[in-house]
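Trainee: Here's a structure for you.
Every number here is computed from the coordinates shown, using simple stated rules; none is lab data. Treat the numbers as computed from the prediction; the structure is a model and nothing was measured. Methodologically, a virtual Cβ is constructed for each residue, glycine included, from the backbone with ideal geometry; neighbour enumeration extends over all protein chains shown.
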Amino acid sequence: MSLNSPAQQCLTELYPQMVKWRRHLHQHPELSYKEQETSEWIAAQLAELPCEIRRNVGGHGIVATLRGRETGPIVALRADMDALPIQDEKQTEYASKVPGVMHACGHDGHTAALLAVARYYAAHPDSFAGERRLLFQPAEEVTPGGAKEMVGDGALQDVDVIYGVHLWTPLPYGTLSTKPGPFMSAADEFEIEIEGLGGHGGLPHQSIDTIMIGAALVQALQSIVSRSINPLHPAVVTIGSFQAGTTNNVIAEKCRMKGTIRTFDENSRKLAHERLETIIKHICEMHGARHRLHMKIGYPAVVNDEREASRFFEVAKQLVGEEHAVMADAITVAEDFSYYLERVPGCFMFVGAGNPDCGAEYAHHHAKFDIDERAMLHSAALLIGMAEHYAGEKK
Ligand code: NI
């Protein structure tokens, strides 16, 4: 799809509407699993269109199906819709009206762009063959994740391929990016509680010191990445919280730690979990302490299909020019788009939304987060471009 295609023209006409949609959502954010009004609002926008709507798919999810002129591939396009528990600190007329809740990740823009995609397909049924299935997904930010529940509720039934975008402020507006293979990491969390024996700080031989054991554990857990996992397979083990003890002369009876594990392949993930359990068990046993380990399994890694990632570069080049269609590095944040990619081939893509001139210079999940809204046009054009490139190939 070139910049002058009918789709691009249609989207350009829809742009003011896209901004209105996005700003409405931005002012009325809802937390993960609580997107009832957002879901109703999306359904109301879709109700005007000649499309089939399935509501309450895997929670507050909506699946909108648009059919083309003849049978053909079923292409799924996905947007997430949930916000975050952050107080909006932006000084704009469209700042959040809900105290402590904010669209600080751009999901409002994803939804607005997908609504524009729906409008385009509804207005041009003769321009495509097959089905375009639009997935408006809730609860991306909180495990178990809305994607998993939508998949469980049949959202991907008979789907041939799926595409999704994330507006991304670390990338300048005008740039599009992804990579083949592992793109975003799996993220699993854990909590450890060590129980020793409290006592007098001057009489350590009569107690079991959980601070010493915890410190040994923090050190030993770093050997998972440095000594157990293949150095060519990226991984992170972080202890983000370590709490124990009260004062100078008391041996801490309990020590609590919290951490996260990031990996890009299932072998490394499994190995990291096994080593974590083994190391904790043996270090605690060695010192005569008891322990409790609680694992919270997060999203798997986002793994892009090789063919679909190369399709991205063909489509993105036409949209923004070769120099702005860039190969991404893998990144150690998680996304539940992985659950779709476990089932069907597809590609998850970053759309540059950063621009200091319009205040879009803050990281995702920051209280002053904002986007260059024009990036929504790229999001919609990229989704349609990918879908039609795929469908053209399957003729
Ligand atoms: Ni996000």
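Trainee: Hey, rough spin-label estimate for Y33 and T92, points 7 angstrom out along Cα→Cβ, what's it come to in nanometres?
Mentor: Reported label-point gap for Y33 and T92 is 2.9 nm.
Trainee: Related question: Let a ≥ b ≥ c be the square roots of the eigenvalues of the Cα gyration tensor of segment 186-296; is it rounded (a/c under 1.5), or, if not, prolate (a/b larger than b/c) or oblate? Display every interim value, and only then the final one.
Mentor: Numbers: a/c = 2.70, a/b = 2.38, b/c = 1.13.
The shape class here is prolate.
Trainee: To continue, here is another question. So which GluC sites (Glu not before Pro) in segment 1-104 are both in a DSSP loop and have at most 12 other Cβ atoms within 10 Å of their Cβ? Walk me through the numbers before you get to the answer.
Mentor: Numbers: sites: E13, E30, E35, E37, E40, E48, E52, E70, E89, E93; in loops: E30, E35, E48, E70, E89, E93.
Passing both the DSSP loop test and the Cβ count: E48, E70, E93.
Trainee: Which one of S268, G174, H287 is farthest out on the positive end of the charge dipole of the chain, using unit charges on Cβ (Lys, Arg +1; Asp, Glu -1) and the Cα centre as origin?
Mentor: Projecting each Cα onto the dipole axis, the largest value belongs to H287.
Trainee: Taking the Cα centre as origin and putting +1 on Lys and Arg beta-carbons and -1 on Asp and Glu beta-carbons, what dipole magnitude results for the chain, to the nearest 20 debye? Could you put the intermediate results ahead of the total?
Mentor: Values: 36 positive and 51 negative charges, 83 e Å.
Using Cβ point charges on Lys, Arg, Asp and Glu, the chain gives about 400 debye.
Trainee: Suppose R0 equals 35 Å; then what is the FRET efficiency for R292 and A330 from their Cβ-Cβ distance, rounded to the nearest 0.05? It would help to have the intermediate numbers written out before the result.
Mentor: Values: r = 33 Å, r/R0 = 0.94.
That gives a FRET efficiency of 0.60.
Trainee: Next up: Zone of E266 (label point 7 Å along Cα→Cβ, backbone N under 17 Å): which residues in segment 178-218?
Mentor: Only 181-188 fall inside the zone, counting backbone N under 17 Å.
Trainee: Pop a pseudo-label 7 angstrom from the Cα along the beta-carbon direction at both T247 and E193 and give the gap in nm to one decimal.
Mentor: 2.5 nm
Trainee: Quick one: grab the alpha carbon gyration tensor of the chain, order the square roots of its eigenvalues as a ≥ b ≥ c, and give me rounded if a/c is under 1.5, else prolate or oblate depending on whether a/b is larger than b/c. Present the calculation step by step, with values, prior to reporting the outcome.
Mentor: Working: a/c = 2.37, a/b = 1.99, b/c = 1.19.
Prolate.
Trainee: Rank the residues R307, R227 as a footprinting-exposure proxy: fewest other Cβ atoms within 10 Å of their Cβ go first.
Mentor: On the way: R307 13, R227 10.
Neighbour counts put them in this order, fewest first: R227, R307.
Trainee: Another question, then. Could you check what % of the DSSP bridge pairs in the chain are antiparallel, to the nearest 5?
Mentor: On the way: 46 of 70 bridges.
DSSP beta bridges in the chain are roughly 65 percent antiparallel.
Trainee: Using the structure shown, select from K258/K281; K148/K296; K179/K296; K148/K395; K20/K97 the pairs with a Cα to Cα distance greater than 22 angstrom.
Mentor: Violating the 22 Å limit, Cα to Cα: K179/K296; K148/K395.
Trainee: Same structure again: Which whole-angstrom value gives the distance between the alpha carbon centres of segment 38-104 and segment 249-304?
Mentor: 37 Å
Trainee: Only loop residues by DSSP count here, and only those with at most 11 other Cβ atoms within 10 Å; note down the trypsin sites (Lys or Arg not before Pro) in segment 73-130 that meet that.
Mentor: On the way: sites: R78, K90, K97, R119; in loops: K90, K97.
Counting only loop positions with at most 11 other Cβ atoms within 10 Å, the trypsin sites (Lys or Arg not before Pro) in segment 73-130 are K97.
Trainee: Per residue of segment 44-57, what does 6.51 cos²θ - 1.76 cosθ + 1.60 with θ = phi - 60° give for ³J(HN,Hα)? Whole Hz please, x for Gly and Pro, Karplus curve as stated.
Mentor: 5, 5, 6, 4, 6, 9, x, 9, 8, 10, 10, 9, 6, 8
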